[in-house]
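What follows is a short report on a single structure.
The values are calculated or read from the model by the stated rules, or taken from the named source; none is laboratory data. Quick caveat, the model's predicted, so the values are computed rather than measured. Glycine also receives a Cβ, built like all others from the backbone with ideal geometry; neighbour counts cover every protein chain displayed.
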Amino acid sequence: MASMRRRAGAESTPQERTPGAAASAVPVVPLAPRWLALGRDGRLSAYATAGAALVRWTEQTPGSDVWTGPDTLPLPDGAVEVTLAQDPDLGYVHLAALRPGGAEGVRPQILVATQFQSGRPLSEWHPLNLPDAVEQVTPGQGAPRLAVGPDNELMLFFQHRGKGLWVRIRDTQGRWNWWKGMQGQWISAPVAARAGSDGSAELLAPYGKGAVHWRRPAAGKPFERLGQPEAKADVRSYVALETAPGRATWFWRTQDGGVQAWRAPADGDGPPEPAAVGCTAGSGPVAAARTLVDGHDCTVLVQRGADGRAEVAAYPTEAEESDVWWTPTGGPGTGTPGMLADGSGRLTLASIGPEGGLSICRQKDDEPGLAFGAWHAVGAAPGR
């Protein structure tokens, strides 16, 4: 696996930059924690917010370096904390946003919408009232998160600092159940949720001393509180990757900038110690994916390094004890880099630059080991 570690990076061609171009007046921020999606037609899309709008870039054809957009999709008035999840079977992209209560008597809501096909308009935003215990929400006090299980089961989680955690599920027939409380008044930041290919689901909820882990074994089963891993992490940095059927590896950013990985023990006796993944510091959540490297199942991570550039690392899946090297690539970006396999299975890295434009680079398929090609600017900044 030495060749994989040595080549776990991309050609360090800087992202293209228009001479003399100033930074975008309106910050362009990738959606968190995920902002890339692959449609059923094999085209990738990238999503970010710019002021009061959602912006989207879409491949013109699968695997192309020509992208359409940015399409500007206005958000409902007052919408914040936009997040997305994708149906693993149908490819639908589900979005959720929080609309805090404004004038007296106006209750806060979660707004949900769906994109059914790549590059197409969104459905109408559907409002969902928050639990009765939540009368008002100020920005930064609460946030929604989504996870999509098999058969288009949509799970919506809402965390409110000081009030607790709730889950609301839309079944496979499109009917929303009512909110179910999961306690957790001590939760200090948005939860991270994931749905497994076997119908299982789990989440990590951060609090002052670490995180609390919930899991359900299958669709229709209740969530059970299982344990508290030593996961004292940077706020909003928890992400999960399914590394075996029904089993997730969780990643988070430590407060000194490092990355740690953790898996719940199979017997449920108690969480093992998290493992450090390399020693390079960065910021924000990582993007994680699995791919075959020289016939080996490997986990690939990309982070925003200390200098703002994307950094790539790879190692045999669930073997965090391996030597892991972070390799910088491209130019400075804004927010978390993205990563997803394209329509042909090649990993694609994405970054939004200081001017608000989109750049990508792709995994090479004609060389041994893990290698990425040069970066290409594929999408202009909004308004340009």
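What the table shows:
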quantity	calculated
Considering residues of segment 106-157 that are assigned to a strand (DSSP E or B) and among the polar types (S, T, N, Q) only, the residue farthest from residue 62 (Cα to Cα)	129
Residues being loosely packed, with under 14 Cβ neighbours inside 10 Å and either modelled with pLDDT under 90 or among the polar types (S, T, N, Q) (or both) - total across segment 166-185	6
For residue 320: the one exception among (1) crowded, with 18+ Cβ neighbours inside 10 Å; (2) at negative phi; (3) touching a Gly at 6+ places or on another chain (Cβ under 8 Å)	(3)
Residue 163, sole failed condition from (1) over 28 Å from residue 91 (Cβ atoms); (2) at pLDDT 90 or above; (3) surrounded by 17 or more Cβ atoms within 10 Å (Cβ to Cβ)	(2)
Any hit, segment 188-196, residues being among the hydrophobic types (A, V, I, L, M, F, W, C), at negative phi and outside any strand (DSSP E or B)	yes
Residue tally, condition surrounded by 15 or more Cβ atoms within 10 Å (Cβ to Cβ) and either touching a helix residue (DSSP H, G or I) at 6+ places or on another chain (Cβ under 7 Å) or not basic (Lys, Arg) (or both), over segment 228-245	12
One residue from 263, 225 being buried (at least 16 other Cβ atoms within 10 Å of the Cβ) and of a type in the set (Lys, Arg)	263
Selection status of residue 91, part of a loop (DSSP other than H, G, I, E, B), in contact with a Gly (Cβ under 6 Å, 6 or more places away or on another chain) and without any contact (Cβ under 8 Å) to a residue 60 or more places away in the chain	yes
